[in-house]
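J.: Quick one: the structure is below, and I'll ask about it shortly.
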Amino acid sequence: MIASPTNVALVTGAARGIGLAAAQRFLADGWSVALLDMDDDGLRAAMETLAVPDRTIALHCDVADRQSIARDIAAVGERFGRLDALVNNAGIAVFKPLMDTTPDEWQRVMDVNLTGPFLMTQAAVPLMRDSGGGAIVNITSISSLRASTLRVAYGSSKAGLAHFTKQCAVELAQLGIRVNSVAPGPVDTAMAKQVHTTEIRSDYRDAIPMARYGLEEELAEAIFFLCSDRASYITGQILAVDGGFDAAGIGLPTLRGERKNG
Ligand SMILES: NC(=O)c1ccc[n+]([C@@H]2O[C@H](COP(=O)([O-])OP(=O)(O)OC[C@H]3O[C@@H](n4cnc5c(N)ncnc54)[C@H](O)[C@@H]3O)[C@@H](O)[C@H]2O)c1
């Protein structure tokens, strides 16, 4: 085993989007990072972009596959000798109405978005404990906090992940492991591009007090903060990083327009 002098983070879904931005944020602060993803080509491209082979490892893994996870956590231990942060970021979206969502679609969304973080957390805790503790951040969504149409599977999986966060925070505090969630509003990643039409984009700008999508880097900053020692007394929290979207329950666009014009 090669012990690493630097802190080590494992980020799931790290081949692109919020996960890749989080990996970059950890690396910028001198951490080593294990990038885990099921997209082999994406992982290869991410490793080439990052270009720090001495502080990165690529792990090809489906977060719903228990055997692969056990193998990959062992690989992190062998390569870096420790684990200080786990970011459960990998997620998928099926945006369909209740009556059109098939049991297979429901199951896959639950497997990736909820069971995946459960399996990853179970597998990572012993290495984190042996490293003297650490932090876990689960990436939920505005859809874990507020309901909307077409989010029956996705929103339910993310709400489950939000509560799983609190369960783990309570249980793992005694091991020195903090557990929090970051709940993004819309962020302009490949996932959002796939499901957000021009009309949806315009509606989001109307509904979000800051009137724009979030940036991957802004999510990465919140994730990094919660994993850092600066968040040493924060656990069990769901931090919405959403330009005020969650806060604006009755923030009607018309009223905001009147305020601006008045
Ligand atoms: N983009 C948004 O607007 C938004 C909003 C709220 C929440 N989120 C959440 O943020 C997280 C990241 O989203 P993103 O927009 O960067 O997504 P993305 O689709 O751009 O990237 C997700 C990454 O996860 C990987 N992945 C998917 N399923 C996997 C699996 N089973 N095992 C391993 N890797 C897997 C993909 O290959 C991809 O590289 C997700 O959990 C998503 O639900 C995103």
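J.: How about segment 201-216: which of its residues are in a helix (DSSP H, G or I), surrounded by 13 or more Cβ atoms within 10 Å (Cβ to Cβ) and of a type outside the set (Asp, Glu)?
T.: Passing the criteria: Arg201, Tyr204, Arg205, Ala207.
J.: Given the residues Asp72, Asp41, Asp62, which is the only one that is part of a helix (DSSP H, G or I) and within 20 Å of the chain's Cα centre (by Cα)? Talk me through it step by step, then tell me what you get.
T.: Values: Asp41 fails: within 20 Å of the chain's Cα centre (by Cα); Asp62 fails: part of a helix (DSSP H, G or I).
Just one listed residue meets the conditions, Asp72.
J.: Hand me the list of helices (runs of 4 or more DSSP H) wholly inside segment 98-180 holding 2 or more residues that are farther than 21 Å from Asp62 by Cβ and at pLDDT 95 or above.
T.: Working: elements: 103-110, 116-130, 152-172.
Filter on segment 98-180 gives 116-130, 152-172.
J.: Going through segment 95-131 one residue at a time, which ones are among the charged types (D, E, K, R) and within 15 Å of the ligand (Cβ to nearest atom)? Spell out the reasoning first.
T.: Quick first cut of segment 95-131, residues among the charged types (D, E, K, R) only: 96, 100, 104-105, 108, 111, 129-130.
Of everything in segment 95-131, those that are among the charged types (D, E, K, R) and within 15 Å of the ligand (Cβ to nearest atom) turn out to be Asp104, Glu105, Arg108, Asp111.
J.: Scan segment 60-81 residue by residue and report those that are under 20 Å from Ala135 (Cα atoms) and either in contact with a Leu (Cβ under 7 Å, 6 or more places away or on another chain) or within 10 Å of the ligand (Cβ to nearest atom) (or both).
T.: Hits for segment 60-81 are Val63, Ile69, Asp72, Ile73, Ala75, Val76, Gly77.
J.: A further question on this structure: Considering only segment 181-200, state which residues are part of a loop (DSSP other than H, G, I, E, B) and under 19 Å from Arg146 (Cβ atoms). Before you say what the answer is, go through the steps one by one.
T.: Within segment 181-200, the subset part of a loop (DSSP other than H, G, I, E, B) is 185-186, 188-189, 196-197.
Listed by number, the residues that qualify are Gly185, Pro186, His196.
J.: Of the numbered conditions (1) surrounded by fewer than 18 Cβ atoms within 10 Å (Cβ to Cβ); (2) within 10 Å of the ligand (Cβ to nearest atom); (3) within 23 Å of Leu239 (Cβ to Cβ), Ser148 satisfies every one except a single condition; which is it?
T.: So the condition that Ser148 fails would be (2).
J.: Let me ask something else about it. I'm told Ile92 meets every condition in (1) within 16 Å of the ligand (Cβ to nearest atom); (2) closer than 22 Å to Leu175 by Cα; (3) assigned to a loop (DSSP other than H, G, I, E, B) except one. Can you identify the failing condition by its number?
T.: That leaves (2) as the condition not met.
J.: Test of understanding: among Gly134, Gly185, which residue is over 20 Å from Asp246 (Cα atoms) and in contact with a strand residue (DSSP E or B) (Cβ under 9 Å, 6 or more places away or on another chain)?
T.: Working: Gly185 fails: over 20 Å from Asp246 (Cα atoms).
Going through Gly134, Gly185 in turn, just one is over 20 Å from Asp246 (Cα atoms) and in contact with a strand residue (DSSP E or B) (Cβ under 9 Å, 6 or more places away or on another chain): Gly134.
The values are calculated or read from the model by the stated rules, or taken from the named source; none is laboratory data. Please read all numbers here as calculations on a predicted model, not as lab measurements. All Cβ positions, even for glycine, are placed from backbone atoms using ideal geometry, and neighbour counts span all protein chains on display.
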